[in-house]
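In what follows, a structure is listed as structure tokens, so that the remarks can point back to it.
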Amino acid sequence: MKLDILAFGAHPDDVELGCGATLAKEIANGKKVGIVDLTRGELGTRGSAETRDRESEDAAKILGVAFRTNMEFADGFFVNDKAHQMELIKIIRKYQPEIVICNAIEDRHIDHGKGSQLVSDACFLSGLLKINTKHEANEEWQTPWRPKQVYHYIQWKNLEPDFVVDVSQFIDAKMEAVLAYKTQFYNPKSQDPETPISSKNFTDSIIYRARDLGRLVGVDYAEGFTVERYTAVNSLFDLK
Ligand SMILES: [Zn+2]
């Protein structure tokens, strides 16, 4: 299956929080989108790996992605080494995305910056002819593939975006997908311990940050991204 966009997250819910509305918009525009979670989020304070498996399936249905898979790397402890890069190269070559979106380049959670660099490195290596891979042992050798663009969404820290996407029509879909992670976010009835993302302010922040980014560019809601190289346009009139 060839994809237009492959979105990676260190933990289930990273993609929804970081770029859920942008993905919903691209899917509505007819683009084929997949999600790859690097870990099952098994070290998360609230819920369990099993509850997050189910929640991430629900969120994928809400967004309408073509597929979602989990690499089952070790939450908190995965590293950016050859073994992990090779696993991601196989996925990138299998789905041949034009655009890859991944974690924030630096953040409060150590997996975010680490996952960001791991995915970015795998995207580069995936284009090299002399790295030989098979997705499954009994399948054919894969052809090299390098995505045209790697973008990074913004997470806990208020990083400065290099560009923003107008998601005014898709903020509701994003919130529905985010709140599919029922164990993770604000719920006054939950008996689980409080975490930085279980506060009401955090849930509210998803909206007010999108609203503020939108305000700065004259739309209702926006999501921000950083880039790895200059953004190029064909014409000055391409920008909103
Ligand atoms: Zn995360």
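The values are calculated or read from the model by the stated rules, or taken from the named source; none is laboratory data. Owing to the predicted nature of the structure, the values given are computational and were not obtained by experimental measurement. Reconstructed Cβ throughout: ideal geometry from the backbone, glycine too, with neighbour counts over all protein chains shown. Quick note on the areas: whole protein, heavy atoms, side chains included, nothing else; ligands and nucleic acids left out. Shrake-Rupley method; radii C 1.70, N 1.55, O 1.52, S 1.80 Å.
For residues that are under 22 Å from P161 (Cβ atoms) and of a type in the set (D, E, K, R), scanning just segment 93-110, find the one that is farthest from the ligand (Cβ to nearest atom).
E98
Which condition number does M1 fail, the rest of (1) assigned to a loop (DSSP other than H, G, I, E, B); (2) more than 23 Å from D111 (Cα to Cα); (3) modelled with pLDDT of 95 or more being met?
So M1 meets the others, but not (3).
Take the residues of segment 1-48 that are small (G, A, S) and within 14 Å of the ligand (Cβ to nearest atom): which is farthest from the chain's Cα centre (by Cα)?
Top of the filtered list is G47.
Can you pull out every residue in segment 49-92 that is more than 13 Å from the ligand (Cβ to nearest atom), of a type in the set (G, A, S) and within 22 Å of C19 (Cβ to Cβ)?
Residues satisfying the conditions are A59, A60, G64, A66.
Restricting the search to segment 111-125, which residues are open to solvent by 20 Å² or more (accessible area, probe 1.4 Å) and more than 16 Å from the ligand (Cβ to nearest atom)?
Correct list: D121, F124, L125.
Just a yes or no: is a residue in segment 182-195 crowded, with 20+ Cβ neighbours inside 10 Å, closer than 25 Å to A74 by Cα and β-branched (V, I, T)?
Within segment 182-195, not a single residue is crowded, with 20+ Cβ neighbours inside 10 Å, closer than 25 Å to A74 by Cα and β-branched (V, I, T).
Quick one: T22 ticks every box in (1) touching a helix residue (DSSP H, G or I) at 6+ places or on another chain (Cβ under 7 Å); (2) closer than 23 Å to T203 by Cβ; (3) crowded, with 22+ Cβ neighbours inside 10 Å bar one, so which box is it?
Looking at each condition in turn, T22 falls short on (1).
Just one of N132, N201 is more than 23 Å from E57 (Cα to Cα) and either in a loop (DSSP other than H, G, I, E, B) or modelled with pLDDT of 95 or more (or both); which is it?
Exactly one of N132, N201 is more than 23 Å from E57 (Cα to Cα) and either in a loop (DSSP other than H, G, I, E, B) or modelled with pLDDT of 95 or more (or both), namely N132.
Taking T226, is it among the hydroxyl-bearing types (S, T, Y) and part of a loop (DSSP other than H, G, I, E, B)?
In short, no.
For segment 154-178, which positions are under 19 Å from E26 (Cα atoms), assigned to a loop (DSSP other than H, G, I, E, B) and within 14 Å of the ligand (Cβ to nearest atom)?
Correct list: I154 only.
For segment 57-70, does any single residue satisfy the condition of being surrounded by 19 or more Cβ atoms within 10 Å (Cβ to Cβ), touching a Lys or Arg at 6+ places or on another chain (Cβ under 7 Å), farther than 16 Å from L118 by Cβ and at pLDDT 95 or above?
Yes: segment 57-70 contains one or more residues that are surrounded by 19 or more Cβ atoms within 10 Å (Cβ to Cβ), touching a Lys or Arg at 6+ places or on another chain (Cβ under 7 Å), farther than 16 Å from L118 by Cβ and at pLDDT 95 or above.
Can you go through Y151, Y181, Y186 and tell me which one is under 16 Å from the mean Cα position of the chain (by Cα) and in a loop (DSSP other than H, G, I, E, B)?
Just a single option satisfies the conditions, and that option is Y181.
Only one of (1) among the aliphatic types (A, V, I, L, M); (2) exposed (fewer than 14 other Cβ atoms within 10 Å of the Cβ); (3) under 30 Å from Y208 (Cβ atoms); (4) away from the ligand (no atom under 16 Å from the Cβ) fails for A137. Which number is that?
Among (1) among the aliphatic types (A, V, I, L, M); (2) exposed (fewer than 14 other Cβ atoms within 10 Å of the Cβ); (3) under 30 Å from Y208 (Cβ atoms); (4) away from the ligand (no atom under 16 Å from the Cβ), A137 violates only (3).
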